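Asks: After the structure tokens below, expect a handful of questions from me.
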Amino acid sequence: MKIETLTSDPRALFRQWAGVDCELCSELGANGSNRKYYRLSAGDKSCIAAVNDDVRENDAFLYFSQALSQRGILVPQVYAVSDDHRLYLQQDLGDTTLYSYLYSKRQSGDGFDHEALQLYKHVLSDLVDIQTRCSDLDFSHSYPRPDFDAQAIQWDLNYFKYFFLKLLYVPFDEQLLENDYHTLIDYLLDGDCSSFIYRDFQTRNIMVVGGQQSVSGHRSQLYYIDYQGARRGAPQYDAASLLYSSKADIPEAIRRELLKHYVDCFFEAQGAAFQERNTKESFTQRFYAYVLARIMQAMGAYGYRGLYERKEYFINSIPLAVSNLRTIVGKLPQELNIPHLREVFDAIINSQLAIGGQQPAAGGSATPHSTIPSDTLTVTVGSFSYKKGLPADSSGNGGGFVFDCRALPNPGRYPQYRNLTGKDLSVIDFLQKEESVSQFLSHAFALVSNSVKIYNQRNFSNLMVSFGCTGGQHRSVYCAERMAQYLRENFDCHVVLHHYEQD
């Protein structure tokens, strides 16, 4: 039962709730927030204390916690709230987020396997439940506004303009940019916008509770947190947040499968009236526009938290967001007429500042030649087609390793693989079974490892590693993906991955 109390001291509030003195109080990290979190415990009693001076934001969290729970959504229970609403105690759900659970699986060599796929489908089904069951909530409790409307979208786009474009010195025409902003906003809002949207629906805000075995088979083990920004809006936004989260590292073919699963579930849940007014094709096209809006919002956050506040985690997320941007630009609907924004995106995608991450000077403005961390080696790994020639080295070092994959078994010779790429599971399975591919990669790993060690010792800044095959579609893509994964898991270096033909 929730307790209202005058105290704003976490230990005192814990004593009032638990009936015993707190024995252990430890501060927890909160990378993207000004809130402070503490774990307090004594004996078998444990909770998480949240301290935040933004009372309206706290009240939004408290309202949605109660409302979501009443509709059967698994969210943390609120135990106690201080009288000034600057402090509250909530259920301790442990330390395992879905992100950390999936990351540990990748570290153990499982990669994006069947269980990971089923987990994402499970989460997307839960998302549909949340969006539909909670669409009738009282959104007057939302903070800072009840709807993800034109004003709210404009705020996100301005975040991108002022904290990403300007801090990275990406050139743009203010008026042309604003014109395209209005076009994008009109397109985004020309659809159903009556769902509950979470606003930050991603694997770091999903907790794995009650053990880590066969998670995908037990719905009760996934809890949802950090929904204080919830409001009414278009359902595609939350799916975009999950599937294109910068560090999710979901293969593009898997993203397409997951998106289809989400769209099918959402249309089934909405019923005949919704299906008469909407088509899956138009819903999916608008999804990709929301992916774009979400990436722009994330870039603004990375610029503010990383370039301005100098938090390394967010700086390291910039190249991943650029990679997502590169992927999504080609998927935008043709009728979305935003010519200047497309020019800005091209500038970002081809900018070494954006690819490498950027450190602001002391006064908050970016300096063109400094990266964070300044002594970190950037390894650019890429796949290409020999028919188009060798890729250029934009670092100015004249190139690096080039591995010829054309002697390897070619999945493209078989009809069932012809329209797939080296990111698709069936192609991955095909190549993983070939001993010659394993030997080829083993030699490539050994050669590149030696250079990475020496480059790090000598504080070199850039190394380029390229894999080529006939079409730049199957073998080279697979090998580049494996090399990037190997380097990220074994070395302290920043890895940028390009698939020149596919991108």
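The values are calculated or read from the model by the stated rules, or taken from the named source; none is laboratory data. In this text the structure is predicted, and so the values were computed from the model without any measurement. Methodologically, a virtual Cβ is constructed for each residue, glycine included, from the backbone with ideal geometry; neighbour enumeration extends over all protein chains shown.
Asks: Which condition breaks for Arg232 when tested against (1) of a type in the set (Lys, Arg); (2) in contact with an Asp or Glu (Cβ under 9 Å, 6 or more places away or on another chain); (3) not in a strand (DSSP E or B)?
Replies: Going through the list (1) of a type in the set (Lys, Arg); (2) in contact with an Asp or Glu (Cβ under 9 Å, 6 or more places away or on another chain); (3) not in a strand (DSSP E or B), Arg232 breaks only (3).
Asks: Still on this structure, please answer the following. Report yes if His85 is modelled with pLDDT of 90 or more, out of contact with any Ser or Thr (no Cβ under 7 Å at 6 or more places or on another chain) and at positive phi, otherwise no.
Replies: yes
Asks: State whether the residues of the range 94-117 include one that is farther than 25 Å from Gln221 by Cβ and of a type outside the set (A, V, I, L, M).
Replies: Looking through the range 94-117, none of the residues is farther than 25 Å from Gln221 by Cβ and of a type outside the set (A, V, I, L, M).
Asks: If you scan the range 130-182, which residues turn out to be among the hydrophobic types (A, V, I, L, M, F, W, C) and in contact with a Cys (Cβ under 8 Å, 6 or more places away or on another chain)?
Replies: Within the range 130-182, just Phe148 meets the criteria.
Asks: Now for a separate question. Return the residues of the range 75-91 that are out of contact with any helix residue (DSSP H, G or I) (no Cβ under 6 Å at 6 or more places or on another chain) and surrounded by fewer than 20 Cβ atoms within 10 Å (Cβ to Cβ); say none if nothing qualifies.
Replies: Gln77, Asp83, Asp84, Arg86, Gln91
Asks: Now for a different question. Among (1) surrounded by fewer than 17 Cβ atoms within 10 Å (Cβ to Cβ); (2) not in a helix (DSSP H, G or I), where does Tyr162 come up short?
Replies: That leaves (2) as the condition not met.
Asks: Given the condition in a helix (DSSP H, G or I), modelled with pLDDT under 95 and buried (at least 16 other Cβ atoms within 10 Å of the Cβ), answer yes or no: does some residue in the range 176-183 qualify?
Replies: Looking through the range 176-183, none of the residues is in a helix (DSSP H, G or I), modelled with pLDDT under 95 and buried (at least 16 other Cβ atoms within 10 Å of the Cβ).
Asks: Please report, ordered by residue number, the helices (runs of 4 or more DSSP H) entirely within the range 267-357 with at least 1 residues that are among the basic types (Lys, Arg), more than 15 Å from the chain's Cα centre (by Cα) and within 20 Å of Gly233 (Cβ to Cβ). Quick ask: steps written out before the conclusion?
Replies: Working: elements: 272-277, 280-302, 312-329, 339-349, 352-356.
Once the helices (runs of 4 or more DSSP H) in the range 267-357 are filtered for at least 1 residues that are among the basic types (Lys, Arg), more than 15 Å from the chain's Cα centre (by Cα) and within 20 Å of Gly233 (Cβ to Cβ), what remains is 272-277, 280-302.
Asks: For the range 378-407, give me each residue that is of a type in the set (S, T, N, Q) and at pLDDT below 90. Show your work before the answer.
Replies: Quick first cut of the range 378-407, residues of a type in the set (S, T, N, Q) only: 378, 380, 383, 385, 394-395, 397.
Once the filter is applied, which keeps residues that are of a type in the set (S, T, N, Q) and at pLDDT below 90, the range 378-407 yields Thr378, Ser394, Ser395, Asn397.
To keep it simple, each residue is scored yes or no on (1) touching a Lys or Arg at 6+ places or on another chain (Cβ under 8 Å); (2) within 28 Å of Phe160 (Cα to Cα); (3) in contact (Cβ under 8 Å) with a residue 24 or more places away in the chain.
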{"site": "Tyr244", "(1), (2), (3)": "yes, yes, yes"}
{"site": "Ala248", "(1), (2), (3)": "no, yes, yes"}
{"site": "Pro251", "(1), (2), (3)": "yes, yes, yes"}
{"site": "Cys265", "(1), (2), (3)": "no, no, yes"}
{"site": "Ala273", "(1), (2), (3)": "no, no, no"}
{"site": "Glu276", "(1), (2), (3)": "no, no, no"}
{"site": "Ser282", "(1), (2), (3)": "no, yes, yes"}
{"site": "Arg286", "(1), (2), (3)": "no, yes, yes"}
{"site": "Gly306", "(1), (2), (3)": "no, yes, yes"}
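Asks: If a residue must be surrounded by fewer than 19 Cβ atoms within 10 Å (Cβ to Cβ) and polar (S, T, N, Q), how many such residues does the range 54-74 contain?
Replies: Within the range 54-74, residues that are surrounded by fewer than 19 Cβ atoms within 10 Å (Cβ to Cβ) and polar (S, T, N, Q) number 3.
Asks: Related question: For the range 284-316, how many residues are out of contact with any strand residue (DSSP E or B) (no Cβ under 8 Å at 6 or more places or on another chain) and over 27 Å from Ala150 (Cα atoms)?
Replies: 5
Asks: Restricting attention to the range 10-26, report how many residues are surrounded by 11 or more Cβ atoms within 10 Å (Cβ to Cβ) and in contact (Cβ under 8 Å) with a residue 12 or more places away in the chain.
Replies: 11
Asks: Select, from Tyr120, Tyr162, Tyr101, the only residue that is in contact (Cβ under 8 Å) with a residue 40 or more places away in the chain and farther than 19 Å from Gln202 by Cβ.
Replies: On inspection, the qualifying residue turns out to be Tyr162.
Asks: So is Asp156 among the charged types (D, E, K, R), surrounded by 15 or more Cβ atoms within 10 Å (Cβ to Cβ) and over 18 Å from Arg342 (Cα atoms) or not?
Replies: The answer is no for Asp156.
Asks: Now for a different question. Would you confirm, using the coordinates I've provided, whether Gly211 is under 23 Å from Gly94 (Cα atoms), modelled with pLDDT under 90 and either outside the structural domain of Arg326 (by TED's automatic domain parsing) or surrounded by fewer than 17 Cβ atoms within 10 Å (Cβ to Cβ) (or both)?
Replies: For Gly211, the condition - under 23 Å from Gly94 (Cα atoms), modelled with pLDDT under 90 and either outside the structural domain of Arg326 (by TED's automatic domain parsing) or surrounded by fewer than 17 Cβ atoms within 10 Å (Cβ to Cβ) (or both) - is met.
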